[in-house]
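Notes to accompany the following structure.
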Amino acid sequence: MFFTLAAFQDAAATGSFDLLGAGLAIGLTVIGAGIGIGQIGAQMASGIARQPEASANIQTASIILAALIEGAALFGLGLAFLKF
């Protein structure tokens, strides 16, 4: 149940901590991208509700920002997979 120093040394020798780090990196990257795109969607809906005449400009800017966030997320996932 509790890890001893020998168990940690065995895990470090077999590379188990590498897999744990890769899993955390992948999970946090996806969560961060989801939160970012969710914020963009919420602010886009709010902006369009306040100024319906500017909906085309707001949608264009939101799509560009979402693409940039997805690019950063894919970059993070790529780095995590390289370590994996």
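Has segment 2-18 got at least one residue that is more than 30 Å from Ala54 (Cβ to Cβ), surrounded by 12 or more Cβ atoms within 10 Å (Cβ to Cβ), modelled with pLDDT of 70 or more and within 8 Å of the chain's Cα centre (by Cα)? No, because not a single residue in segment 2-18 is more than 30 Å from Ala54 (Cβ to Cβ), surrounded by 12 or more Cβ atoms within 10 Å (Cβ to Cβ), modelled with pLDDT of 70 or more and within 8 Å of the chain's Cα centre (by Cα). Just checking, does segment 61-80 include any residue being at pLDDT 90 or above, surrounded by 12 or more Cβ atoms within 10 Å (Cβ to Cβ) and among the polar types (S, T, N, Q)? Yes; the residues of segment 61-80 include at least one that is at pLDDT 90 or above, surrounded by 12 or more Cβ atoms within 10 Å (Cβ to Cβ) and among the polar types (S, T, N, Q).
The values are calculated or read from the model by the stated rules, or taken from the named source; none is laboratory data. Since this is a predicted model, take the numbers as computed values, not measurements. Backbone-built Cβ (ideal geometry, glycine too); neighbour counts: all protein chains shown.
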